[in-house]
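The values are calculated or read from the model by the stated rules, or taken from the named source; none is laboratory data. Since this is a predicted model, take the numbers as computed values, not measurements. With ideal geometry, Cβ positions are generated from the backbone for all residues, glycine too; neighbour counts draw on all protein chains shown.
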């Protein structure tokens, strides 16, 4: 293996590296009804953030770009590091445009986010860590990718609704291989609803 083929040094994916602190404590307040309302609101905020991220995975795999755009802050920052790529984008419009080109009629996407670790930092700020499992088939380039990654996000609440303000991931593992034959899918949703690259 030559020096240029040698693996690049990687940072340990610790909470410190990801900039994730403990957030507000998940403990019941000792105060009165207003404090209990605040406790309940934090729990509802955690649930809302879970639904936000699950909607993100659903929208990319179904090429639902209109709804996808509603999940992001206008100034969202994106930084994804894979086995052979690094993807940096700034702003909702740039990100949605890039995703639109990836989830096309000659592709099949499968992305699941698991094991959420949500930290509420204030009434309008939160962070989260997610474990991704994904598969991506690209028939136009005859390529298949599978693997896992850790996402870490920052969320802000805008007009009473949580949005993704900053999203990053790094791969835990990634396998890329050529597709000798197109898999015999009996259902292929994106064939109808994905982006038409010939248009």
List the helices (runs of 4 or more DSSP H) inside the stretch 1-93, counting only whole elements, that have at least 1 residues being touching a helix residue (DSSP H, G or I) at 6+ places or on another chain (Cβ under 8 Å), in contact (Cβ under 8 Å) with a residue 12 or more places away in the chain and under 30 Å from residue 190 (Cβ atoms). 33-61, 65-69
Would you check if residue 87 is at pLDDT below 95 and either more than 29 Å from residue 15 (Cβ to Cβ) or touching a strand residue (DSSP E or B) at 6+ places or on another chain (Cβ under 8 Å) (or both)? yes
Among the residues of the stretch 8-16, is there at least one that is under 23 Å from residue 135 (Cα atoms) and touching a strand residue (DSSP E or B) at 6+ places or on another chain (Cβ under 6 Å)? yes
Scanning the stretch 110-141 residue by residue, the ones that are in contact (Cβ under 8 Å) with a residue 40 or more places away in the chain and not in a strand (DSSP E or B) total 5
Please work out if residue 99 is surrounded by 16 or more Cβ atoms within 10 Å (Cβ to Cβ) and farther than 18 Å from residue 155 by Cβ. yes
So, in the stretch 157-176, exactly how many residues are in contact with a strand residue (DSSP E or B) (Cβ under 7 Å, 6 or more places away or on another chain) and either surrounded by 13 or more Cβ atoms within 10 Å (Cβ to Cβ) or closer than 19 Å to residue 88 by Cα (or both)? 13
Which of the residues belonging to the stretch 177-199 are part of a strand (DSSP E or B) and closer than 29 Å to residue 93 by Cα? 195
